[in-house]
Amino acid sequence: MKQTILITGGAGYIGSHTCLEFLAAGHDIVVFDNLCNSSLESLRRVKELSGREFPFVAADIRDRAALDALFKTYAIDAVIHFAGLKAVGESVEKPLLYYDNNIAGSITLFEAMQAAGVKTVVFSSSATVYGDPASVPIREDFPVGATTNPYGRGKLIVEQILGDLAISDPEWRIALLRYFNPVGAHKSGRIGEDPRGIPNNLMPYIAQVAVGRREYLNVWGNDYPTPDGTGVRDYIHVVDLAQGHVKAVEKLAAGPGVRIWNLGTGCGYSVVEMAQAFEKASGHPVPYQFAPRRAGDIAQCWADPALAERELGWKARRGLDEMCEDTWRWQSLNPQGFEE
Ligand code: NAD
Ligand code: UFG
């Protein structure tokens, strides 16, 4: 059934790829974003790639009047809520900003939804809610709560707020999607991750080393209890992740309640394996040097994605080589990101 989906944060990295997947699945979309970490150019390219037009509202999720006006103008069936700040280190320096933007902003959005009678939401949560897991792979029923920074705590608090909302009003249909490490880019090389300043995350940093923007990669720690001593993560192609959102919205149509799904591949790769895979995919060297551990990092983290496969009929299909090739295509075609 065709639906009209509001995508908050739809101009960002995961949001822009998700816009394309909803359009490809035949749905209509409305994008809401204050562009604090993205540009209009990503949405222009989504329109170009999809051959579809859609409305864009430039506003902040903390702006209740802007949200009310949107819900009056468009008959929204479901909301995908990506809008938020995501830099872990910055969240330690500016906790109030993160709590205001990510928690107060989410509350304002849910209030506006409730007032408009729109009670279906998919929330971008994160594997960070599991903290340092006692074992891997991580299942959805593992304990949550041992988060190490304001960003992660914000994710957990919004999950809990949504849980309380579902208890107060059993009409709500809520999906909490716990992403592992999104990487990669659309096949076209037209949209991808465009971090501002020095990238915090591994894959965009590696890509900037390969393209010659940075000299070498710092590998944060080589004394972890992992096969090669460097941190292991579950990297998932952003297009697989985006498709998981379409499946989640379709599943929520089946009934109310809160559902939690890990979106990961079930495979873990080390930092050194990532650098080597990127060298192979790009044909460019990725020199690295070992440096001390980064505060707050854990040794290893990967998903058990079986629940999403069973309940959503969704499975990540794109492997590590494709993640690196697609990142490289985006990076080499757009060495300065969306700034042409
Ligand atoms: P992104 O920064 O590219 O996208 C977020 C978008 O939200 C941006 O376009 C930004 O301009 C917008 N935004 C931020 N605050 C806003 C506000 N107050 N009002 C309106 N718009 C606002 O980040 P992304 O990687 O696409 O992440 C999307 C979501 O997924 C975030 O909630 C993030 O926390 C979550 N997530 C990301 C990762 C990751 O590694 N990328 C992992 C787990 C969870
Ligand atoms: N790493 C380096 N050098 C770098 C960057 C990263 O060695 O320059 C290492 C890290 O130490 C870690 C791995 O590469 O072992 C991945 O680091 P990222 O920063 O790319 O990702 P994280 O797993 O630390 O965090 C990501 C998101 C968080 C999210 C978390 C769990 O950034 O928002 O996954 O889903 F909470």
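No value in this document is a laboratory result; all are computed from the given coordinates. From a predicted model like this one, the values you see are computed outputs, not experimental measurements. In this analysis, Cβ positions are derived from the backbone assuming ideal geometry, glycine residues included, and neighbour counts consider all displayed protein chains.
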task = With +1 on each Lys and Arg Cβ and -1 on each Asp and Glu Cβ, and nothing else charged, work out how big the dipole of the range 264-334 is about its Cα centre, in Debye to the nearest 20.
result = 100
task = Take the chain, connect every pair of alpha-carbon atoms lying under 10 Å apart with a spring to form a Gaussian network, then pick out the residue of 130, 99, 288 with the largest mean-square fluctuation.
result = 288
task = Would you mind computing, in nm to one decimal, how far apart the modelled labels at residue 111 and residue 92 are, each placed 7 Å from Cα along Cα→Cβ?
result = 3.3
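Test of understanding: what is the full-extension gain from residue 294 to residue 141, defined as 0.36 nm times their sequence separation minus their Cα-Cα distance?
On the way: separation 153, 0.36 × 153 = 55.08 nm, distance 2.77 nm.
Here the segment from residue 294 to residue 141 would lengthen by 52.3 nm.
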task = Name the residue farthest towards the positive end of the dipole of the chain from the options 6, 185, 235, assuming +1 on Cβ of Lys and Arg, -1 on Cβ of Asp and Glu, about the Cα centre.
result = 6
message = Taking the Cα of residue 171, stepping 7 Å toward and past its beta carbon, and measuring to each backbone N in the range 75-117: which are under 17 Å?
response = 75-79, 110-117
The range 191-340: relative contact order as a whole-number percent, Cα under 8 Å and 6+ apart = 35
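Classify the range 281-323 as rounded, prolate or oblate, taking a ≥ b ≥ c as the square roots of the eigenvalues of its Cα gyration tensor: rounded when a/c is under 1.5, otherwise prolate if a/b is larger than b/c and oblate if not.
On the way: a/c = 5.89, a/b = 1.49, b/c = 3.95.
Oblate, because a/c is 1.5 or more while a/b does not exceed b/c.
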ask   = Hey, in the GNM for the chain with a 10 angstrom Cα cutoff, which one of 178, 213, 329 fluctuates hardest?
value = 213
ask   = Residue farthest toward the positive end of the dipole of the range 69-182, with Cβ of Lys/Arg at +1 and Asp/Glu at -1: which of 99, 117, 83?
value = 83
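Assigning unit charges at the beta carbon (Lys, Arg +1; Asp, Glu -1) and nothing else, what dipole magnitude in debye, to the nearest 20, does the chain show about its Cα centre? Before the final figure, lay out the partial values.
Details: 33 positive and 41 negative charges, 60 e Å.
For this selection, approximately 280 debye.
Relative contact order for the range 11-132: what is it in percent, counting Cα pairs under 8 Å that are at least 6 residues apart?
That works out to 25 percent.
Taking every DSSP beta bridge with both residues inside the chain, roughly what % is antiparallel (nearest 5)? List each step's numbers first, then the result.
Values: 2 of 41 bridges.
Among the beta bridges of the chain, antiparallel pairing accounts for roughly 5 percent.
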message = Testing the spin-label approximation: label points 7 Å from Cα along Cα→Cβ at residue 280 and residue 69. State their distance in nm.
response = 5.2
ask   = With each run of n ≥ 4 DSSP H residues scored as -39500 (n - 2.57), what mean residue ellipticity at 222 nm is computed for the chain after dividing by its residue count and rounding to the nearest 500 deg cm²/dmol?
value = -11500 deg cm²/dmol
remark   = Calc'd 3J(HN,Hα), the range 296-303, phi into Karplus 6.51 cos²θ - 1.76 cosθ + 1.60 (θ = phi - 60°), Hz, glycine/Pro = x, comes to x, 6, 10, 5, 8, 7, 8, 8
key: Anisotropy class of the range 1-76 from Cα gyration tensor, a/c 1.5 cut   = oblate
inquiry  = Can you find, among 271, 244, 291, the residue sitting farthest towards the positive end of the charge dipole of the range 177-325, where Lys and Arg contribute +1 and Asp and Glu -1 at Cβ?
reply    = 244
query = Using Cα pairs under 8 angstrom and six or more residues apart, how large is the relative contact order of the chain, in percent?
reply = 19
ask   = Using alpha-carbon positions, what is the distance between the centroids of the range 48-102 and the range 280-340, in Å?
value = 25
remark   = Here the gain from full extension of residue 161 to residue 214, 0.36 nm per residue of separation minus their alpha-carbon distance, amounts to 15.0 nm
